[in-house]
Each structure stands twice: as structure tokens, then as C-alpha cells.
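Worksheet: the structure to be examined is printed underneath.
Computed from the coordinates by the stated procedures, all read-outs in this text should not be read as laboratory data. As the structure is a prediction and not an experimental result, all values here were calculated from the model. Note that each Cβ is placed from the backbone with ideal geometry, even for glycine, and that neighbours are counted across all protein chains shown.
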Amino acid sequence: MQFPSYSHFGIWSAKNASFVCLEPWCGVADLESHNKKLEEKEGVITLAPQKTWTAFWNITLKA
């Protein structure tokens, strides 16, 4: 799995689920102590007006 555009990688599952999620993330949930300012959120990507951001990830499966 390759995810060069992402700063974090999440591995999670719902309680009693029969699956595990593997997900590239651009940030994480706030800590309880976070100041709740979006611009200071860990992993937040800030864009200037009229600018774009493109991200990609790739999965290679081998038999």
C-alpha cells in the first residue's frame, strides 16, 4: 500500500465486525485538550483561494 499524499494511516474496526479497515488519512481526531481551532488541527491542509489539492493512494495485491 502506498499513500505518499497522506500524513497518517488508520487501522480500525467496528466492535464485533468481521473486517478491518486500512485507510490513508489526512489527519486524526482531536485530543480532548485540543483548542478546537480548525486551522490548528493536526494534519489539516490549508489552501489559498482558487487553489486545489490532489491526493492519491495505491494498493498492489500479489497472488
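Quick notes on this one:
- Here's the picture: charge each Lys and Arg Cβ at +1 and each Asp and Glu Cβ at -1 in the stretch 1-60, and of 7, 29, 17 the one pushed furthest to the positive end of that dipole is 17.
- Amide H contacts of residue 5 (H built 1.01 Å from N, under 5 Å, at least 5 apart or other chain): 56
- Shape category assigned to the stretch 9-63 from the gyration tensor of Cα positions, a/c cut at 1.5: oblate
- Dipole magnitude for the chain: about 200 debye, using +1 per Lys or Arg Cβ and -1 per Asp or Glu Cβ, origin at the Cα centre.
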